[in-house]
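What follows is one structure encoded as structure tokens, with my remarks underneath.
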Amino acid sequence: MDEAQLISLYDKTIDEIIEKKVLLKSLNPDHYIDKFNGLNSSLETLENSKIKISTLIKSNPNISLTIKKKDAVISVLYRLLERLSSKKDSLNFLRDQNTCRHGEIFIKVVDDIGCALHHHVKYRISEYFQGIEGDFNTDEIVSLLYEGICYLEANEINDYIELFDYVDSFQKRIISLDKDCGRIL
């Protein structure tokens, strides 16, 4: 398999693992023991597949797609940095972005970064709304975006797993800036 096929398989496996974990959390093992055990078995199989695919990706000498994905992530980080650093007049960014989810601005940033990683094309970032009632100070997230750019530009990424893991931990750091992020208002 070539790099693109391996990355696609890895991403699909990760998505399936997440799906199974969500299902497991929603099941009461006392009432659905067979389904619970089946999901646990599927999850174990998927985790083993993930390890095997990771090994194949790490041993693949061709990382041209990974480099494109890294460049796409850096590009989006720059655009997010520019967007979130600029305020219109006396307007501030809205933390909830006119939605019913607390900290929606963080979720949008994470989604934009994820799209860059998975699609590695010129990606148009989300709109970020500002308003008179805006209460969001962008200093922390702008600092974090700058840190991400510096890290990715200064460090060689050896394979897709390394890039994926960095982006995943970076996204978690963004979400952790707001302990109530995602809570329905």
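The values are calculated or read from the model by the stated rules, or taken from the named source; none is laboratory data. The shown structure was predicted, so the numbers you read here are calculated from the model rather than taken from an experiment. Note that each Cβ is placed from the backbone with ideal geometry, even for glycine, and that neighbours are counted across all protein chains shown.
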Go through L144, L163 for me and flag whichever is within 22 Å of T66 (Cβ to Cβ) and within 17 Å of the chain's Cα centre (by Cα). L163
Cβ pairs under 8 Å, 6+ apart, first in segment 83-105 and aromatic (F, W, Y), second surrounded by 17 or more Cβ atoms within 10 Å (Cβ to Cβ) and not in a loop (DSSP other than H, G, I, E, B): F93/L84; F93/I105; F93/Q130; F93/F136
Restricting the search to segment 160-175, which residues are touching a helix residue (DSSP H, G or I) at 6+ places or on another chain (Cβ under 6 Å) and aromatic (F, W, Y)? Y160, F170
In segment 142-156, the residues that are surrounded by fewer than 18 Cβ atoms within 10 Å (Cβ to Cβ) and either touching a His at 6+ places or on another chain (Cβ under 9 Å) or under 18 Å from I63 (Cβ atoms) (or both): Y151, E153, A154, N155, E156
Suppose we filter segment 121-159 for residues that are assigned to a loop (DSSP other than H, G, I, E, B), aliphatic (A, V, I, L, M) and in contact with a helix residue (DSSP H, G or I) (Cβ under 6 Å, 6 or more places away or on another chain); how many remain? 2
Going through segment 157-185 one residue at a time, which ones are hydrophobic (A, V, I, L, M, F, W, C) and exposed (fewer than 12 other Cβ atoms within 10 Å of the Cβ)? I184, L185
Need pairs with beta-carbon distance below 8 Å; first residue of a type in the set (K, R) and within segment 21-41, second part of a helix (DSSP H, G or I) and at pLDDT 80 or above; sequence gap 6+ or separate chains. K21/L43
Residues that are touching a residue at least 60 places away in the same chain (Cβ under 8 Å), in the same structural domain as Y166 (by TED's automatic domain parsing) and not charged (D, E, K, R): does segment 42-55 have at least one? no
I'd like to know if segment 120-129 contains one or more residues that are crowded, with 18+ Cβ neighbours inside 10 Å, farther than 24 Å from I7 by Cα, touching a Leu at 6+ places or on another chain (Cβ under 7 Å) and outside the structural domain of S8 (by TED's automatic domain parsing). yes
Quick check: anything in segment 93-108 closer than 18 Å to G182 by Cα, touching a Cys at 6+ places or on another chain (Cβ under 6 Å) and not β-branched (V, I, T)? yes
